[in-house]
Amino acid sequence: MDKKTKRIIVGISGASGAVYAQRIIGLLLSADVETHLVVSPLGQRLLHEELGMEGVNLAALAGLSGGDDQSPPPPNLILHNYRDVGAPIASGSFQHDGMIVIPCTSNTLGCVANGSAQNLMHRAAHVTLKERRKLVLVHREMPLSLVDIRNMQAVTEAGGIIAPANPGFYMLPQTIDGLIDFVVGRCLDLLGVDHTLNVRWSEQGPTNTQDKPGGKRPQGEVGAGPR
């Protein structure tokens, strides 16, 4: 692997929040990150139900305009079969800079926490932990059961990072896009990938000049809908 080229593994499981996955994949590719993707069957259903995709449409996931089934996939976005536990990302010898499961179901969380490698996503996550690389699980279910909480504790103690998809409001987001970008921006920070999303708090308050404290929000903009 070229030492100057980052590699990130992205897993998509069946929890609601497909737009988070689409947004982070597009930004990883924009940052010239070699992105390795694995999608569970319920993740594929999620992409269909929330983004209208048929199968795993790599061009659409990359955010390419007009991305359809006939569009060529980006060369630095590599899809791996969910059942192929012999894929390169299942090996500790596959060097990468981190793995993120976004969104992450409670089932995937539980399998990672308990070392149950039923598929490539679970195996890649376990390998990431054993090789002491960064693993980020963007859990997106609520409320939490005691089982979830204990599984989060187990993953954390093993070296993983639990990053619930909880957007902050201190940047005074004006649209749903702003909420999405807050979560995705924090995830990119955890993975060490540079970005320009508006997630930085400073002593002067929100850095977005359009989001000033005390200002009135235009009615209806919060529900403007995801990109």
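Readers should treat all values here as calculations from the given coordinates under stated rules, not as data from a laboratory. This one's a predicted model, so the numbers in the text were calculated from it and none came from an experiment. So basically every Cβ, Gly included, is an ideal-geometry build from the backbone, and we count neighbours across all protein chains shown.
Kindly indicate whether ALA125 is surrounded by fewer than 20 Cβ atoms within 10 Å (Cβ to Cβ) and in contact (Cβ under 8 Å) with a residue 12 or more places away in the chain. Please lay out each step first, then the result.
On the way: surrounded by fewer than 20 Cβ atoms within 10 Å (Cβ to Cβ): no; in contact (Cβ under 8 Å) with a residue 12 or more places away in the chain: yes.
No, not satisfied.
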Exercise. Filter region 154-207 for residues that are surrounded by fewer than 18 Cβ atoms within 10 Å (Cβ to Cβ), among the charged types (D, E, K, R) and closer than 21 Å to ALA125 by Cα; which is nearest to the chain's Cα centre (by Cα)?
Worked result: ASP189
For this session: For residues that are out of contact with any Gly (no Cβ under 9 Å at 6 or more places or on another chain) and either of a type in the set (Lys, Arg) or without any contact (Cβ under 8 Å) to a residue 40 or more places away in the chain (or both), tally how many sit in region 128-152.
Result: 7
Exercise. Yes or no: GLU49 surrounded by fewer than 18 Cβ atoms within 10 Å (Cβ to Cβ) and without any contact (Cβ under 8 Å) to a residue 60 or more places away in the chain?
Worked result: yes
